[in-house]
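Read through the structure below, which is laid out as C-alpha cells, and then see the notes.
The values are calculated or read from the model by the stated rules, or taken from the named source; none is laboratory data. Note that this is a predicted model, so its numbers are computed, not measured. Here the Cβ positions follow ideal geometry from the backbone for every residue, glycine too, while neighbour counts run over all protein chains shown. Accessible surface areas use protein heavy atoms only, side chains included; no ligands, DNA or RNA. Shrake-Rupley method; radii C 1.70, N 1.55, O 1.52, S 1.80 Å.
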Amino acid sequence: MNYTAPISAVIHPEKVNQIMEAINRAEKIVITTHRSPDGDALGSSLALYHFLKRKNKTVKVIVPNSFPYFLKWMPGAREVEVYEYNPSAAQHILSHADLIFSLDYNIPKRVGDMAPYLEQSPAKKILIDHHLLPGNIFDITVSHPEISSTAELMFRLFFQAGYYEELTKEEAECIYCGMMTDTGSFTFNSSDPEIFEIVSLLLRKGINKDTIYSQVFDNYSEERFRLLGFTLSQRMEVYPELHSALLYLSREDQAQFRFSKGDTEGFVNYPLSIKGIIFTTFIREDEDLIKLSFRSQKSFPCNEFAAGFFNGGGHLNASGGEFYGSFEESLRVFKEGLKQYEEKLKKAAREL
Ligand code: 5GP
Ligand code: MN
C-alpha cells in the first residue's frame, strides 16, 4: 500500500537525515524522558524503543521515577528501567551509551537526580520535544512547541524518514497513546487537520483506539474515584471574579484514600468545565516537595505564572511547578500570585 497522505515536513529534512545516520552508527542507545512520565513521555519513548529494536540495536528506556498503573499496558512498558529503583545500574547504562535520546522534556533538570549522568555521558545526544526553550547540551535538537505531542513528532520522524510502511501495530499504539493523552483525547491543542491524518494512518496499522482510551481512562481504582469526589466537593475553591479555581490535597487527605501514583492525574482539568473559569491550579503535597499543576484557556499564560512563583514552566495552557516549603505557604503564595495576575485573568476571560 502506498499512502500519499498530506503530512508536511515539520522536522527539517536535514535533521531527519542526521538522526537516522546517528542511529545507524550507534549500537547502544538509551531513551530518556522526564520525571513522572505521562502518556506522551512513555508513548514516544516506547515507539522509538520498538523501532530501534527492529533495527537490531541494544536499547534501554530509562525513566527517572515510576509511572502510573494506567500506562503499564503499553507494549514494552515492562522493559522500562526506573532510575530511582537502581541508580547505579542506570548510571552505568548512561555512561556506556553511544547515543542518548531525550524525549518530551527540554532541559536536563526535568530528569531530576539523573541529570548529571545524562550531561556527563560521552554519548551523542538528541532532543525531540515540544516544550519551549530547549537546553543547549544536545548535538541535534528537534524542538517544536507548536506540535501538541512528542509522540506526534516521533510519528513525523518515522514518516519523513520513509518508515511508515514498516511501522508496527505496537509502535502505532504507543504513538496514539501519546497523542491522545497530550490533547485530552483530542479535546484541546488538536485543531491541526494533520493530527487526524496521522490518526488515520495509525488506525491503518490495526490499532483499536477505543481500547487504548479504555486502558488509560477506564482503569482507575475505586479509591481514585472517591478521592476525585472528595477533592471536588471538599478541596476546591472557586474565585469567580478572578475566573480561577484551586484544588488542593494534603498528604493526610491522600492517605485517607490510599493514594497511589497517578491517582490525581487529570484532576486539574475539571474546574475548567465551570462556566467562566479560565485558570485552574492543583496543589498536591508530596513527600519531599509541593507539586503544582496549572491549566488555562485562551491567552492566559499559565507557564508564566508557574515560572514566576513556582520555579516551573511548560506550555501556555498547561504547565507545572514545584514549591519547597510548607503546604500552607504554597497556598498563600498561590493566592498572592492570583491577585497580581488579576488584569491578565480578566483580559483572557473576555476572550471566552
Ligand atoms: P502536569 O500538570 O501534567 O504535570 O504538567 C503539565 C505540563 O507542565 C508538562 O507537560 C510540562 O510541560 C510542564 N511542567 C510540569 N511540571 C513542571 C516543572 O516542575 N517544571 C517545568 N519547567 N515544567 C513543568
Ligand atoms: Mn508531551
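Annotations for the structure displayed:
- Near pairs, Cβ below 8 angstrom, 6+ apart or cross-chain, from the stretch 86-111 (touching a residue at least 40 places away in the same chain (Cβ under 8 Å) and away from ligand 2 (no atom under 16 Å from the Cβ)) to any residue that is open to solvent by 50 Å² or more (accessible area, probe 1.4 Å) and part of a loop (DSSP other than H, G, I, E, B): Asp98/Glu27
- Residue within the stretch 90-104 that is among the aliphatic types (A, V, I, L, M), closer than 14 Å to Gly39 by Cβ and surrounded by fewer than 19 Cβ atoms within 10 Å (Cβ to Cβ) present: no
- Set Glu222, Glu166: member being more than 22 Å from the chain's Cα centre (by Cα), modelled with pLDDT under 95 and open to solvent by 70 Å² or more (accessible area, probe 1.4 Å): Glu222
- Every residue from the stretch 67-80 that is buried (at least 17 other Cβ atoms within 10 Å of the Cβ) and not in a helix (DSSP H, G or I): Phe67, Pro68, Met74, Pro75, Gly76, Val80
- Taken together, the residues in the stretch 24-51 that are assigned to a helix (DSSP H, G or I), away from ligand 2 (no atom under 16 Å from the Cβ) and in contact with a Phe, Trp or Tyr (Cβ under 9 Å, 6 or more places away or on another chain) amount to 1.
Table: residues versus (1) basic (Lys, Arg); (2) more than 20 Å from Lys28 (Cα to Cα).
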residue	(1), (2)
Leu71	no, yes
Gln91	no, no
Leu94	no, no
Ile100	no, no
Leu103	no, no
Arg110	yes, yes
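- Of Pro6, Pro68, all but one fail to be under 20 Å from the mean Cα position of the chain (by Cα), modelled with pLDDT under 95 and closer than 29 Å to Ser200 by Cβ; the exception is Pro68.
- Exclusive hit being among the charged types (D, E, K, R), over 18 Å from Glu152 (Cα atoms) and in contact with a strand residue (DSSP E or B) (Cβ under 6 Å, 6 or more places away or on another chain), set Lys72, Lys28, Lys109, Lys55: Lys28
- Residue within the stretch 3-10 that is free of Cβ contacts under 8 Å to residues at least 40 places away in the same chain and not assigned by TED's automatic domain parsing to the domain that holds Glu165 present: yes
- Matching residues, the stretch 140-182, being of a type in the set (Ser, Thr, Tyr), away from ligand 1 (no atom under 14 Å from the Cβ) and not in a loop (DSSP other than H, G, I, E, B): Thr141, Tyr176
- If the condition is being exposed (fewer than 12 other Cβ atoms within 10 Å of the Cβ) and either at pLDDT 95 or above or under 22 Å from Arg284 (Cβ atoms) (or both), then the stretch 341-352 contributes Glu343, Arg350, Glu351.
- Top-ranked residue in the stretch 112-138 [being in contact (Cβ under 8 Å) with a residue 40 or more places away in the chain and open to solvent by 30 Å² or more (accessible area, probe 1.4 Å); ranked as nearest to ligand 2 (Cβ to nearest atom)]: Leu132
- Of the listed requirements (1) surrounded by fewer than 17 Cβ atoms within 10 Å (Cβ to Cβ); (2) away from ligand 1 (no atom under 16 Å from the Cβ), Ile212 misses just one: (1).
- Boolean, Gly39 is within 16 Å of ligand 1 (Cβ to nearest atom), touching a residue at least 40 places away in the same chain (Cβ under 8 Å) and either in the same structural domain as Leu157 (by TED's automatic domain parsing) or more than 23 Å from the chain's Cα centre (by Cα) (or both): yes
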